[in-house]
Amino acid sequence: MSEQSDQAFSPTGGIQALDAVIIGAGFGGMYALHCLREQGLSARVYDDASSVGGTWSWNRYPGARVDFPGGPYYCYTFSEALVREWDWTETQPDQPSVLAYLNFVADKFDLRRDIQLQTRVTAAQYDESAQRWTVQTNRGERVSTQFLICAVGTLSAVNRPDIAGLDSFAGECFHTGQWPHEAVDFAGKRVGIIGTGSSGVQAIPVIARSAAHLTVFQRTPQYTIPAGNRPLDPDTVRHTREHWAQVRRQMIESPFGAPFVPSTRSALDDTPLQRQALYEKHWQKGGLGIAFDAYHDILFNQEANHTLAEFVRSKISQIVRDPGTARKLMPDYLIGTKRQILDSGYYETYNRDNVTLVDLREDPIETITPGGVRTARGEHPLDMLILATGYDAITGALQRLNPQGRDGVTLKQAWAERFSTYLGMAIRGFPNLFMIHGPETPSVLFNMPLGAELEAEWIRDCIGYLRAHRLGAIEPAAGVEAAWGQEVAQVASQTLFPLTESWYTGANIPGKHRQFAVHMGGPQYFKRLSDVAARAYEGFVLEPLPPPGTHRARDALSKSDAASR
Ligand code: N01
């Protein structure tokens, strides 16, 4: 433990003291640990899972793959040695490959000695006088830490749907986000799956190949685009290794953190025939380029958006042989404004004899029974039921953690009406708490490993600043969260995203407040983070350390600031 921690905290109950507790051993938490240890800080990661990897440890469902430009782009970028050492083999790596990579990273950087798995943080409480958090786990540990870093995942709080009779189902039942580690055997079984988001769309083609019968219960049809997964071209691998700094810079500066060179053309600049040819070229190649790269205005202009939406609908009509099934699969909202899905043979799967599509909008579920799912039109007998019903996204895991900040106020209380953050990194009333991929960061709309790195490095530098200036606590100032929230909403309002009900807006969870949860600025956001740091953490209140040997709080907040709480 560092010298400063001794000054900042005098243990009273003999509990262990650390500089930082990090919750979550995914991309963000693992890198935060590495960063803080490099600075000589003592840190420990807690994770409920039985392996490192975060989302890649939980999402072991069949077909799970990176749905972003993968291979050498969806990975850590901080270490050129690591980039040279790890051989990605496919453009869209599958879940076992990503998990193997994260385990390799944990070993290479000797992270495991400070990662405690199968340990859930059950409580975290801020002590104002000590400027420290007390963290408790389900194993009965209590730890005192100056900094609490929540790398709890944006898509980790599973959404178990409130469907009548769900608990009565007598067969096997799995959620895609809590998939068993043991192999799941579909052979000879009647399988049902509820949900056609990214997880369902990835799993359905794979399950259909071995199940006796697969029944898909779809509430909202999806636009999905072929992933075009293929072996990585050795020239691409060589180029990225040889020009790594340049590739990294290009990703940091691109709108979604991807190695795309954004188009400058509008979809409306081309004739219908030209557009068709360009969309067809992207469709054959696969990947997100068709939505993010072909034209610059698909996500900004409704008319441009309709051209691509119509193209994908025409593909559904061409691919799916039964016109009734094709009709049920037709989405009618703005393409790309729900999370854009990449698939491997999704629409084609509905041409199989052993697959049935149930459109829940015309034939809703009445109840789940011990033997299957009963919809308005009849019973669907099942041996296995899969819930691909998603997550209480972005804010859910933080609220389930429910830390208790200043004056005993919990996060659930603070966010009862709407969530608020400053920079998506910190929350007023919760000093010394940082988030990685928190609400109001680019998180899920930017390259997630790269975004996690940039955020973890910002936290590392911020802690370094506090230490260098003998400061004990940091917290957003009054008013900055409201301004930040307005900026997030304003950036989003320039796009088409807020026009569609999605988990970005909170619409997938009954009763959840509607608030756009992602900062869509990408590079502009990360520039803001750097600027705030360069201006001595502008917008934050910085408290001095308490006098050595005392527990008395040094209230550095100005009277007006305190009064405005
Ligand atoms: O979850 P989702 P997901 N009755 O919320 C339906 C990431 N991810 O796990 O659209 C019936 O997208 C719901 O219907 P509707 C990726 O970012 C990454 O699939 O709300 N249906 C929807 O069809 C992704 O976006 C990878 O009407 C119900 C589905 O369940 C995110 O995770 C892989 C229902 C949920 O779709 C979440 O994807 C997989 C109910 N009561 C996922 N409740 C990678 O490869 C919900 N639904 C990196």
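The values are calculated or read from the model by the stated rules, or taken from the named source; none is laboratory data. The model shown is predicted, which means the values in this text are computed figures rather than measured ones. Cβ coordinates were reconstructed from backbone atoms using ideal geometry, including for glycine residues, and neighbour counts include every protein chain displayed. All accessible areas refer to the heavy atoms of the entire protein, side chains included, with ligands and DNA or RNA removed. Shrake-Rupley method; radii C 1.70, N 1.55, O 1.52, S 1.80 Å.
For segment 518-540, the set of residues classified as of a type in the set (A, V, I, L, M) and either open to solvent by 20 Å² or more (accessible area, probe 1.4 Å) or closer than 13 Å to Phe446 by Cβ (or both) consists of Val518, Met520, Leu529, Ala533, Ala534, Ala536, listed by residue number.
Collect the residues in segment 378-400 that are away from the ligand (no atom under 16 Å from the Cβ) and either part of a strand (DSSP E or B) or open to solvent by 20 Å² or more (accessible area, probe 1.4 Å) (or both), keeping them in residue-number order. Hits for segment 378-400 are Gly378, Glu379, Pro381, Asp383, Met384, Gln399, Arg400. What's the number of the condition Phe300 fails, among (1) in a helix (DSSP H, G or I); (2) touching a residue at least 60 places away in the same chain (Cβ under 8 Å); (3) open to solvent by 20 Å² or more (accessible area, probe 1.4 Å)? Just one mismatch for Phe300, condition (1).
What number of residues within segment 108-156 satisfy the criterion of being under 30 Å from Val83 (Cβ atoms) and either open to solvent by 20 Å² or more (accessible area, probe 1.4 Å) or assigned to a strand (DSSP E or B) (or both)? I'd like the intermediate steps shown before the answer.
Restricting attention to segment 108-156, the residues satisfying the condition of being under 30 Å from Val83 (Cβ atoms) are 108-117, 147, 149-156.
Cutting the leftovers down to either open to solvent by 20 Å² or more (accessible area, probe 1.4 Å) or assigned to a strand (DSSP E or B) (or both) gives us 108-110, 112-117, 147, 149-150, 152-153, 155-156.
Count: 16.
Annotation note: of Ala212, Ala277, Ala187, the sole residue that is of a type outside the set (Val, Ile, Thr) and touching a residue at least 40 places away in the same chain (Cβ under 8 Å) is Ala212.
Taken across segment 233-254, residues that are under 30 Å from Cys462 (Cβ atoms), buried (at least 17 other Cβ atoms within 10 Å of the Cβ) and in contact with a Lys or Arg (Cβ under 7 Å, 6 or more places away or on another chain) do not occur at all. Against the criterion of being more than 16 Å from the ligand (Cβ to nearest atom) and within 16 Å of the chain's Cα centre (by Cα), Ala456 qualifies. Taking the numbered list (1) aliphatic (A, V, I, L, M); (2) surrounded by fewer than 20 Cβ atoms within 10 Å (Cβ to Cβ); (3) within 16 Å of the ligand (Cβ to nearest atom); (4) touching a residue at least 12 places away in the same chain (Cβ under 8 Å) in turn, Val98 passes all entries but (2).
Restricting the search to segment 333-360, which residues are part of a loop (DSSP other than H, G, I, E, B) and either free of Cβ contacts under 8 Å to residues at least 40 places away in the same chain or open to solvent by less than 20 Å² (accessible area, probe 1.4 Å) (or both)?
Leu334, Ile335, Gly336, Thr337, Gln340, Tyr350, Asn351, Asp353
Of the candidates Ala211, Ala187, the single residue that is more than 7 Å from the ligand (Cβ to nearest atom) and open to solvent by 20 Å² or more (accessible area, probe 1.4 Å) is Ala187.
When Asp127, Asp167 are checked against the criterion of being closer than 30 Å to Gly29 by Cβ and more than 11 Å from the ligand (Cβ to nearest atom), a single residue qualifies: Asp127.
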